[in-house]
Amino acid sequence: MKAQVNQTRLVMDEQGNADLVLSLHKPNLQKIKQDLAKLKQRLEKGKTLSVEIKEYREQRSLDANAYFHVLVSKIAEKLRIGTDECKRNLVLDYGTLARDENGMIVGFTARECVPITQFFRYAKAYKLYEKNGKTFIDYLIYKETHTLDKVEMARLIDGTVEEAKQLGIETKTPQEIAEMMSLTEGL
């Protein structure tokens, strides 16, 4: 079950039991009642449920994801490179830097001989230096495309569209792209 929440409240009783009360934003009551009935059945069968509450982020549309991959294929064909290499180049040029739980940019330092792409699919070297006679490289790590939200995916698609146009590849109109990006999956 997924829902958007705009308010929370914690209610405690004298025995120390706690109830978490969630106020739903624009609820689809029929769907929520169906989902809750299924969850209640599981609880009655002795199952334990897991709940995760996190900040709401609009998900990108599956159409946007498919369009990105169509453009990747066309660009790769035009440049005569593999689609994986093409996608990697686009993510490193137009993608989003990975951040840790504190919002800090994720970086990685490795010796020059370490094949960093075995550990991180989207890593870009940004600094080369020597220390104690050994060469090290600092890398920036970029988010996997399946983890991008709507805004991040829009930036990646915008850059990819520009690359395609420069290569003479026909793209959707700005209006078609905007409409595609406005369609979101999920709630």
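The values are calculated or read from the model by the stated rules, or taken from the named source; none is laboratory data. In this text the structure is predicted, and so the values were computed from the model without any measurement. Here Cβ is always computed from backbone atoms with ideal geometry, including for glycine, and neighbour counts include all displayed protein chains. Surface areas here come from the heavy atoms of the whole protein model, side chains and all, with no ligands, DNA or RNA. Shrake-Rupley method; radii C 1.70, N 1.55, O 1.52, S 1.80 Å.
I'd like the full set of residues that are touching a residue at least 12 places away in the same chain (Cβ under 8 Å) and either in contact with a helix residue (DSSP H, G or I) (Cβ under 9 Å, 6 or more places away or on another chain) or open to solvent by 60 Å² or more (accessible area, probe 1.4 Å) (or both), limited to the stretch 117-127. Once the filter is applied, which keeps residues that are touching a residue at least 12 places away in the same chain (Cβ under 8 Å) and either in contact with a helix residue (DSSP H, G or I) (Cβ under 9 Å, 6 or more places away or on another chain) or open to solvent by 60 Å² or more (accessible area, probe 1.4 Å) (or both), the stretch 117-127 yields ARG121, TYR122, ALA123, LYS124, ALA125, TYR126.
Note on the stretch 1-31: among residues that are touching a Leu at 6+ places or on another chain (Cβ under 7 Å) and not hydroxyl-bearing (Ser, Thr, Tyr), the one that is surrounded by the most Cβ atoms within 10 Å (Cβ to Cβ) is ALA3.
Filtering the stretch 1-46 to residues that are part of a loop (DSSP other than H, G, I, E, B) and among the acidic types (Asp, Glu) leaves ASP13, GLU14. Give the residue, chosen from GLY46, GLY82, that is at positive phi and modelled with pLDDT of 85 or more. Being at positive phi and modelled with pLDDT of 85 or more holds for just one of GLY46, GLY82, which is GLY46. For the stretch 75-116, name all the residues that are farther than 18 Å from GLU144 by Cα, open to solvent by 70 Å² or more (accessible area, probe 1.4 Å) and part of a helix (DSSP H, G or I). Within the stretch 75-116, GLU77, LYS78, LEU79 meet the criteria. For the residues LYS127, LYS165, LYS134, LYS143, the requirement of being within 16 Å of the chain's Cα centre (by Cα) and among the basic types (Lys, Arg) singles out LYS143.
Select from the stretch 147-168 the residues that are touching a residue at least 24 places away in the same chain (Cβ under 8 Å) and within 18 Å of GLU85 (Cα to Cα) and list them in ascending order. Scanning the stretch 147-168 gives LEU156, ILE157, GLY159, THR160, VAL161, GLU163, ALA164, LEU167.
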